[in-house]
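Bear in mind that the values in this text are calculations on the coordinates, not laboratory data. Computed from a predicted model, the values in this text were never measured in an experiment. Every residue, glycine among them, receives a Cβ derived from its backbone with ideal geometry; neighbour counts consider all protein chains shown.
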Amino acid sequence: MKYFYFDSVTQEGVESSSTIDGQEADILNRWQTLSPEHGSFLGVYCDNGQILQFMWEENYLQVDIPDADRGGSMQKPVTRDQASELLVQAIRGADPGEIPGLEFFKW
């Protein structure tokens, strides 16, 4: 699965336009070692073509599914444990658009 990330503490990352391929263990390891600080994020390209990303904001972690056709994203605040579970489900083929509680926000 293709993924990208940025760690706001180490300033290391891979842009979404230059993704890297990884197996479940690679992606989960990157997720677990990513600094939980504002500006850090990790995203994966799902089997259905959607991008599922997790971003640390000022005081919370947010799941984000961009929708360029609609000019916005489906979003929801989550805990780190919830984000980890959603990431595993996406890696294993789940449709991120079916995550309960998502709300659409214009960019």
Note to self: I'd like the full set of residues that are within 16 Å of Y3 (Cα to Cα) and not in a loop (DSSP other than H, G, I, E, B), limited to the stretch 73-107.
What the structure shows: A83, S84, L86, L87, V88, Q89, A90, I91, P96
Notebook entry, point to check: Consider G43 against the criteria (1) among the small types (G, A, S); (2) in a strand (DSSP E or B); (3) more than 15 Å from A90 (Cα to Cα): it satisfies all of them except one. Which criterion is unmet?
Noted result: (3)
Check: Out of the residues in the stretch 40-92 that are acidic (D, E) and free of Cβ contacts under 8 Å to residues at least 24 places away in the same chain, which is surrounded by the most Cβ atoms within 10 Å (Cβ to Cβ)?
Finding: D64
